[in-house]
Amino acid sequence: MFFRENGQFKSTYRADMQLLPIAQDRYFVLALVAFAFFAVPLLVSDYLYLSIINPFLILTLAAIGLNLLVGYCGQISIGHAAFMAWGAYAAYNLVQRVPMLNFLVVLVLAGLVAALVGMFFGIPSLRIKGLYLAVATLAAQFFTDWIFARVKWFTNYSSSGSVSTAPVQIFGWTIGTPRDKYLFVLGVVIVFTLVARNLVRGHLGRAWMATRDMDVAAEVIGIRPVYAKLTAFGVSSFYCGVAGALWGFFHLGSWEPLAFNLNLSFDLLFMIIIGGMGSILGSYLGAAFIVALPIALNQIPEKLGVPLSTAMASNVEFMIFGSLIVLFLVLEPHGLARLWAIGKEKLRLWPFPH
Amino acid sequence: MKRTWRGALAVVALAAAASLATSGNALAQANEQFFPVLVYRTGAYAPNGVPWANGYVDYLKLVNARDGGINGVKITFEECETGYATDRGVECYERLKAKGPSGATTFQPLSTGITFALTDKSFTDHIPLITAGYGRADSVDGSVFGWNFPIGGTYWDAADILVQHVGKKLGGMDKLKGKKIALVYHDSPYGKEPIALLQERAKLNGFELILLPVTHPGVEQKATWLQIRQQRPDFVFLWGWGVMNSTAIKEAVATGYPRDKMYGVWWSGAEPDVLPAGDGAKGYNALVFLAPAGKGQVHNDIVKYVYDKGQGTGKKEDIGEVLYNRGMVSAMFGVEAVRKAQEKFGKKPLTGEQVRWGLEHLDITPDMIKKLGMAGFMEPIKTSCDNHEGAHAAMVETWDGKKWNVVPNSRYESDLKIIDPMIRSSAKKYAEEKKLPTRDCAKEDGA
């Protein structure tokens with residue numbers, strides 16, 4: 001009823017090809033963006049920014065990156081935290097060693113460094129597939145853990161191997177308060193979301209999806225697998241690199257190689273599996289699920305006034321979190337994004353379902 | 001089926017909304033001093049985290065029950081589980097920092113990784129961090145690290161003291177020349193902290209330093225001990241935490257490396273570290289800097305005022321363990337800092353900034369230690385803006401299979417001639433990297 005495109009006639013190709021062809025969708029997303037930029041800063045406390053919203057946004061960006069590779073191109077990677085690490089350390093070194101660079105340039109360069117490394121570790125994907133590739137990408141993870149823990153140059157010879165950053169300045173705007181960080185990260189994430197949406201419906205995205213669905217067929221119709229797979233690795237690592245730089249500078253502030261360990265890689269993978277593979281929206285939903293839910297679960301007993309010991313509360317958190325993951329995967333294997341799509345479909349027919 | 005997931009979704013949404021909606025709206029209650037308690041009672045490090053947390057909380061309860069708070073200002077506290085993970089630690093910090101009428105008093109994360117992350121935030125939030133025996137060694141320099149207080153000792157002190165001790169055992173520091181010392185360390189900021197000093201010492205005393213990292217959580221050490229078997233170091237320094245410690249001792253037994261040549265830092269010298277290794281741990285040595293195991297007047301008070309009233313946090317028979325005592329002494333620093341600051345700012349809830357003044361003017365004399373009931377459990381502490389550490393001595397203790405015994409005549413002070421220049425230059429580098437303003441301590445301490 002609310003969600004029907006009746007009467008919305010497209011008279012030009014341009015109108016037909018826009019990102020969100022249904023008017024209701026368009027207004028909803030615009031309203032959401034406006035809400036995020038103007039209303040959220042008025043409503044939200046510092047705690048929410050620092051503990052939930054900022055990490056959620058940054059990990060969303062990383063999840064989008066991983067989704068481009070796993071969801072769209074069908075190449076599994078369980079080492080994507082490594083590319084975040086490359087982005088973070090590249091940004092740290094650029095800021096330390098070339099202080100006159102604008103941070104936006106640093107972000108892009110950090111992404112490029114991660115992209116190069118990602119393409120290098122993507123080379124095995126040309127010969128191996130599926131689970132074997134997943135294991136090969138583990139190499140990226142362990143190599144990265146090793147190099148940042150052992151090669152002192154990357155950490156500017158810090159005695160403990162931990163690096164720390166100064167507040168970022170862009171065009172005289174010092175991004176210091178949680179709100180400033182939020183606004184900056186939000187801007188970056190929205191820009192990259194738009195780019196991703198456009199990429200996946202352009203020729204590159206089509207090439208990826210063709211490779212994902214059947215690589216032999218894709219080759220027959222003229223898609224070069226080398227090109228498709230390596231661009232997927234490159235773009236995906238670029239996203240993760242940028243996310244890593246944001247994670248380091250705007251979320252952690254100071255970090256050690258352990259911050260980008262295998263657990264983070266798994267978290268990213270869980271995000272896209274739970275959120276929905278091959279869906280940008282799924283990346284958002286999955287990141288929200290993984291970031292916010294454990295923290296919310298941890299606080300529920302206390303908010304409800306149930307006297308649980310600290311240890312018990314955190315064990316309960318693990319149990320409920322684990323069972324919710326199983327529950328969602330059983331009920332909808334295609335992820336939260338699919339649930340959303342089903343909901344939209346139903347709204348379209350409501351109140352007269354077949 | 002449809003119903004089920006709708007129901008599940010609704011529950012999740014409600015739960016999320018409920019927990020997110022209310023945060024940070026601390027009730028403005030009068031005359032209470034809020035102590036946030038960052039603990040880890042679960043995960044790989046829980047065996048060590050639990051006794052520390054129990055000691056910490058028990059002491060706060062004792063001050064309330066016995067003295068009615070700090071000069072009449074009641075202590076309130078709230079635990080938050082970090083699991084020793086930096087990200088959750090930061091989340092806990094943000095959750096608790098604004099609670100209570102005057103905000104959090106002081107944070108004690110018991111994790112070097114979390115300390116690094118919180119140090120960053122302290123410059124804007126102005127809440128002191130007490131890191132008794134851990135954290136950044138260079139944070140002794142209060143002119144740069146305005147909010148860190150590594151009271152009682154840093155890892156550089158610990159490493160220096162261990163070198164002094166093995167030097168003495170060999171019959172003189174010059175005998176160290178040509179010897180091999182292996183450092184088996186937790187591959188995290190915690191384990192890496194002592195490396196800088198040991199390298200300096202290796203240059204100075206002419207021993208060879210072998211660095212053997214162990215990855216988190218440290219249950220897999222076969223490769224490490226294979227290397228020890230091949231290289232046969234004269235001494236092994238152990239910089240572990242949690243299960244890594246007991247695993248190392250077990251591996252030493254398996255490799256046949258003599259335990260009496262193994263020296264642990266003070267975080268590798270508690271009951272949970274040696275008990276799992278059984279008899280094999282006999283002869284193993286470790287440092288003890290603040291609280292050795294045992295009981296004193298304060299423990300009797302804790303039993304009388306807290307446990308006998310059914311308010312105890314842990315088990316009664318665990319009172320007096322090494323880590324329990326250390327948690328207790330750590331809590332005492334926070335309490336005494338508040339007491340000191342009350343002399344200047346009045347007997348009311350104090351802000352983090354005011355508590356810092358107290359921490360910079362702590363003067364815990366032997367008399368006071370006796371009054372606190374902690375005679376024999378700590379060194380006198382005297383801090384200032386320039387010196388956030390207050391004391392830099394430690395003793396060596398040996399495990400006899402049943403309990404820890406302090407080695408006679410083994411009280412050492414670290415060599416400030418070596419450490420101090422390192423602290424100053426490292427702190428300076430940090431300030432430059434972060435573009436931090438420094439304080440003029442000569443002026444602050446003079447005033």
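Nothing in this text is a laboratory measurement; each read-out follows from the coordinates by a stated rule. Everything quoted here is computed from the prediction, not taken from an experiment. Backbone-built Cβ (ideal geometry, glycine too); neighbour counts: all protein chains shown.
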Given the Cα atoms of chain A, and with Rh set as the inverse mean 1/r over their pairs in the Kirkwood sense, what is Rg to Rh to two decimals? 0.98
To make sure I understand, if each residue's beta carbon is the centre and we count other beta carbons within 10 Å, what order do B:HIS361, A:HIS203, B:HIS165, B:HIS186 fall in, fewest to most? A:HIS203, B:HIS361, B:HIS165, B:HIS186
Unmatched cysteines, the protein assembly as shown - criterion: no other Cβ of a Cys under 4.7 angstrom: A:CYS73, A:CYS240
Could you please rank A:VAL108, B:VAL303, A:VAL70, placing first whichever residue has the fewest other Cβ atoms within 10 Å of its Cβ? A:VAL108, B:VAL303, A:VAL70
In nanometres, what is the gap between the two model label sites at B:ARG411 and A:MET319, each 7 Å from Cα along Cα-to-Cβ? 5.0
Amide H neighbours of B:ILE210 under 5 Å, at least 5 residues apart or on other chains, H built in the peptide plane: list them. B:ILE181, B:ALA182, B:LEU183
I'd like the Karplus ³J(HN,Hα) series for the range A:300-307: coefficients 6.51, -1.76, 1.60, θ = phi - 60°, whole numbers in Hz, and an x wherever there's a Gly or Pro. 4, x, 5, 5, 7, x, 7, x
Considering only C-alpha atoms, what is the centroid distance from the range B:151-171 to the range B:228-282, in Å? 17
Packing-based exposure ordering (other Cβ within 10 Å, fewest first) of B:VAL37, B:VAL407: B:VAL407, B:VAL37
Identify the residues of the range A:215-248 with backbone N under 14 Å of a label point that sits 7 angstrom from the Cα of A:LYS129 along the Cα-to-Cβ direction, or state none. A:215-220, A:225-226, A:229
Length gained, A:PHE352-A:PHE9, 0.36 nm per residue minus C-alpha separation, equals 121.2 nm
I need the phi-derived Karplus couplings for the range A:157-163: 6.51 cos²θ - 1.76 cosθ + 1.60, θ = phi - 60°, integer Hz, Gly and Pro marked x. 6, 5, 5, 9, x, 9, 10
Taking H as built 1.01 Å from N, whose amide H comes closer than 5 Å to the amide H of B:ASN148, not counting residues under 5 places away? B:LEU129
Assuming 0.36 nm per residue, please report the length gained on full extension of the stretch B:GLU208 to B:LEU275 beyond their Cα-Cα distance. 21.0 nm
Residues whose built amide H sits under 5 Å from the amide H of B:TYR263, excluding neighbours closer than 5 in sequence, are B:VAL236, B:PHE237, B:LEU238
Hey, in the GNM for chain A with a 10 angstrom Cα cutoff, which one of A:ARG97, A:ARG201, A:ARG212 fluctuates hardest? A:ARG97
Degrees between helix B:243-255 axis and first principal axis of chain B (Cα, 0 to 90, nearest 10): 20
For the protein assembly as shown, what D do you get in µm² per second when you plug the Kirkwood radius from alpha-carbon pairs into Stokes-Einstein at 10 °C and 1.306 mPa s? 56
Restricting to DSSP loop positions (anything but H, G, I, E, B) with no more than 12 other Cβ atoms inside 10 Å of their own Cβ, which trypsin sites (Lys or Arg not before Pro) remain in the range B:170-213? B:LYS177
Net charge within 14 Å of B:PRO217 by Cβ-Cβ distance, Lys/Arg positive one each and Asp/Glu negative one each, not counting B:PRO217 itself? -3
Please give the net charge around A:VAL44, taking every other residue with its beta carbon less than 15 angstrom from that of A:VAL44, where Lys and Arg add +1 and Asp and Glu add -1. 0
For the range A:225-233, take each phi angle, set θ = phi - 60°, evaluate the Karplus expression 6.51 cos²θ - 1.76 cosθ + 1.60, and give the result in whole Hz per residue in order, putting x for glycine and proline. x, 4, 5, 5, 5, 5, 5, 4, 4
Using Cα centres only, tell me the gap between the range B:313-379 and the range A:120-192 in whole Å. 41
Please sort by residue number the trypsin sites (Lys or Arg not before Pro) in the range B:253-315 whose DSSP state is loop and whose Cβ has at most 12 other Cβ atoms within 10 Å. B:LYS309, B:LYS315
Most fluctuating residue of A:TRP208, A:TRP86, A:TRP146 in a GNM of chain A with Cα springs under 10 Å: which is it? A:TRP146
